[in-house]
Amino acid sequence: MDNNPVSPMQLPGSFDWDKLGEFIASVSEQMKETDRRMKETDRRMKETDLQMKETDRRIKETDRVFQETARFIQQSRSDIVEMRQEFRQQIRDITTRFLSQSGHIVEGLMEPSAWNLFKDLGFNIVACWKEMKATNKLTQRRMEVDLFYHDTTEAIAVEVKIKCEREDIDHFLEQMSHFKEVFTRYSDVNVYAAIAALNYNRGADAYAAEKGLFVIHVTDNDVFTVDATTKENKIYF
């Protein structure tokens with residue numbers, strides 16, 4: 001006779017309710033764990049979605065800032081170009097006014113000094129005209145002379161410059177070639193030409209002397225000197 005007990009699961013028609021309960025409990029626990037994990041995954045997906053939305057927002061914000069910065073840079077460049085143009089124009093205006101006023105100052109300083117300079121050269125100066133202007137009505141040629149010293153038979157037309165270039169000498173001589181066409185009242189007067197400048201560039205003073213002009217320099221303490229002691233070899237019109 002076999003004394004070992006037979007398990008209920010081994011008997012036909014028997015069922016182990018304890019095992020079933022354990023299985024159901026195990027499945028329930030697994031389902032709970034799965035549900036927990038799904039909720040955690042869903043939470044993480046929502047966080048990821050929020051992060052992506054935040055990243056997208058930041059990208060859009062960065063793009064907006066970049067576009068605003070680009071517009072600001074472009075506007076700044078335009079403003080800088082405009083400011084430079086205005087500044088350059090102001091400098092030109094200031095320079096023009098300064099040179100204009102400086103020219104008048106040189107003329108004012110030279111006017112009394114040149115009397116003695118030209119008298120020492122043998123001129124019998126009786127009068128001086130400043131900024132003498134005239135226009136020939138027939139030819140419409142207009143001319144202006146900064147300083148004009150004269151007597152009854154001779155005169156000196158003086159061009160006053162702050163800075164004198166060689167081109168200024170050529171222009172002055174071209175103007176002087178039409179002097180009597182414009183200033184007809186001096187048709188019987190020998191009109192000499194003189195240049196006076198604070199600065200002569202590129203040997204402009206030597207060039208003027210070669211062309212036969214009286215060359216007047218300004219030395220220390222606003223003293224004027226002339227390059228000649230006589231009228232010889234000086235051009236007149």
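Checking E154, E144, E131 one by one, the residue that is surrounded by 14 or more Cβ atoms within 10 Å (Cβ to Cβ) and of a type in the set (D, E) is E154 and no other. One residue alone among A197, A206 is surrounded by fewer than 15 Cβ atoms within 10 Å (Cβ to Cβ), of a type in the set (A, V, I, L, M, F, W, C) and within 39 Å of the chain's Cα centre (by Cα), and that residue is A206.
Of all residue pairs spaced 6 or more apart or on separate chains, those with beta-carbon atoms under 9 Å, a first member in the stretch 136-162 that is within 25 Å of A197 (Cβ to Cβ) and a second member that is in a loop (DSSP other than H, G, I, E, B) and charged (D, E, K, R) are E154/K231. The numbered conditions (1) polar (S, T, N, Q); (2) exposed (fewer than 11 other Cβ atoms within 10 Å of the Cβ); (3) over 41 Å from the mean Cα position of the chain (by Cα) are all true for T219 except (3).
Of the helices (runs of 4 or more DSSP H) lying entirely inside the stretch 120-237, those containing at least 1 residues that are farther than 16 Å from M110 by Cα, modelled with pLDDT of 95 or more and among the small types (G, A, S) are 204-210. All conditions but one from (1) loosely packed, with under 13 Cβ neighbours inside 10 Å; (2) within 25 Å of E210 (Cβ to Cβ); (3) basic (K, R) apply to R185; the one that does not is (2). Select, from Q51, Q90, Q75, the only residue that is modelled with pLDDT of 80 or more, within 23 Å of the chain's Cα centre (by Cα) and part of a helix (DSSP H, G or I). Only one candidate qualifies: Q75.
The values are calculated or read from the model by the stated rules, or taken from the named source; none is laboratory data. Keep in mind that what you see is a predicted model, and the values were worked out from it rather than measured. Ideal geometry is used to build each Cβ from the backbone, glycine not excepted, and the neighbour counts take in all protein chains shown.
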